[in-house]
Amino acid sequence: MFYAQDSGSVKKSITGTQIGLFGAEVYNEAKLSEKLALRSQLALYPSLWGGDMYNKTGFALTPAISLTPKYYYNLRKRADAGKNQNNNAGNYISLKVEYLPNWFVISNVEDIQVTPMISFVPTWGLRRNFATNFNYEFKLGLGVGKILGKENSTQIVPDISFKIGYDF
């Protein structure tokens, strides 16, 4: 099936929401060039703990904000093959810059604090559409993070995600 509205370039602006096992997010992807978009995002990340070492099972949701330049490298190829690349349905490489602040924590345990951290994670991903405005996105990356306010606190930061979303 050929999608006549598809031009093989990044769309002007996409706003949506996605949810998966590793969090929920609200985002906007703004076009910077034919193949480059800037994704700004607010996310809530879940944490779960329990077992014999804890007196109860706990959960927490913590916020994060990020900016991610995304280079969509196969939109033209998908358009030439007649494949849907509406709402940036294509493969990409990106560099996610994320800040985890200590603004608030939603939890069943009192007085939980988050140690602020900034991370830089290069990722590879793919984004596809189904139905009219629904999408799914898979990404995989590995980067570094720095816990703020502490010396020698560099960490390895994985970014593995599969999310289902809706574009407004």
| Rg and Dmax of the chain over Cα atoms: what are they, in angstrom? | 17.9, 59
| said: Cross-link candidates for Lys146: which aspartates and glutamates have Cα within less than 13 Å, leaving aside residues fewer than 8 places away along the same chain? | reply: Glu98
| remark: Zone reached by a paramagnetic label modelled 7 Å from Thr57 Cα along Cα→Cβ, restricted to the range 107-142 with backbone N below 19 Å, covers 107-110
| field | Counting all C-alpha pairs of the range 100-152, share separated by more than 14 Å (%) | value | 70
| query | In this model, which of Lys56/Lys96; Lys83/Lys139; Lys56/Lys150 are farther than 23 Å apart at the alpha-carbon? | reply | Lys56/Lys96; Lys56/Lys150
| remark: When the chain is treated as a Gaussian network with springs between alpha carbons less than 10 Å apart, the largest mean-square fluctuation among Ala64, Ala43, Ala131 is found at Ala131
| task | Please list the non-local residues whose amide H lies under 5 Å from the amide H of Asn88, H modeled 1.01 Å from N, same-chain partners needing a gap of 5 or more. | result | Lys11
| request: With θ set to phi - 60°, apply the Karplus curve 6.51 cos²θ - 1.76 cosθ + 1.60 along the range 13-24 and write out the HN-Hα couplings as whole Hz, x wherever there is a Gly or Pro. | output: 7, 10, 10, x, 9, 9, 9, x, 5, 9, x, 9
| remark: Inter-part gap, Cα centre of the range 2-79 to Cα centre of the range 110-127, in whole angstrom, is 12
| Going by a ≥ b ≥ c, the root eigenvalues of the Cα gyration tensor, does the range 69-123 fall in the rounded group (a/c under 1.5), the prolate group (a/b larger than b/c) or the oblate group? | prolate
| field | Extension gain, Ile106 back to Tyr166 (0.36 nm per residue minus Cα-Cα distance, nm) | value | 19.2 nm
| request: Compare Gly50, Gly90, Gly20 in a GNM of the chain, Cα atoms joined below 10 Å, and give the one with the largest fluctuation. | output: Gly50
| message | Relative contact order of the chain, please, whole-number percent, based on alpha carbon pairs below 8 angstrom and at least 6 residues apart. | response | 20
| Using a 1.4 angstrom probe and counting only protein chains, how large is the accessible area of Trp103 in Å², to 10? | 150
| remark: Residue separation between Ser153 and Leu32 times 0.36 nm, minus their alpha-carbon distance, gives in nm 40.2 nm
| task | May I ask you to give the average projected area over all directions of the convex hull of the Cα atoms of the range 46-138, in nm² rounded to one decimal? | result | 8.7
| said: Under 8 Å for C-alpha pairs, at least 6 residues apart: give me the relative contact order for the range 1-91, rounded to a whole percent. | reply: 32
| Taking all protein chains as present, what is the carbon and sulfur share of the accessible area of the chain, in % to the nearest whole number, probe 1.4 Å? | 63
| query | Looking at the range 1-73, which trypsin sites (Lys or Arg not before Pro) are DSSP coil and have at most 13 other C-beta atoms within 10 Å of their C-beta? | reply | Lys12, Lys56
| GNM, the chain, Cα, under 10 Å: largest mean-square fluctuation among Ser107, Ser94, Ser66? | Ser107
| request: Only Lys, Arg, Asp and Glu count, each charged at its Cβ (+1, +1, -1, -1), so figure out the dipole size of the chain about its Cα centre, rounded to 20 debye. | output: 740
| query | So who's got an amide H within less than 5 Å of the one on Val109, skipping anything under 5 residues away but keeping other chains? H placed 1.01 Å off N, in plane. | reply | Phe59
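The values are calculated or read from the model by the stated rules, or taken from the named source; none is laboratory data. Computed from a prediction, not measured in an experiment: that's the story for all the values here. Neighbour counts run over all protein chains shown; Cβ positions are idealised from the backbone, glycine included. Protein only, heavy atoms only, side chains kept; ligands, DNA and RNA dropped before computing areas. Shrake-Rupley method; radii C 1.70, N 1.55, O 1.52, S 1.80 Å.
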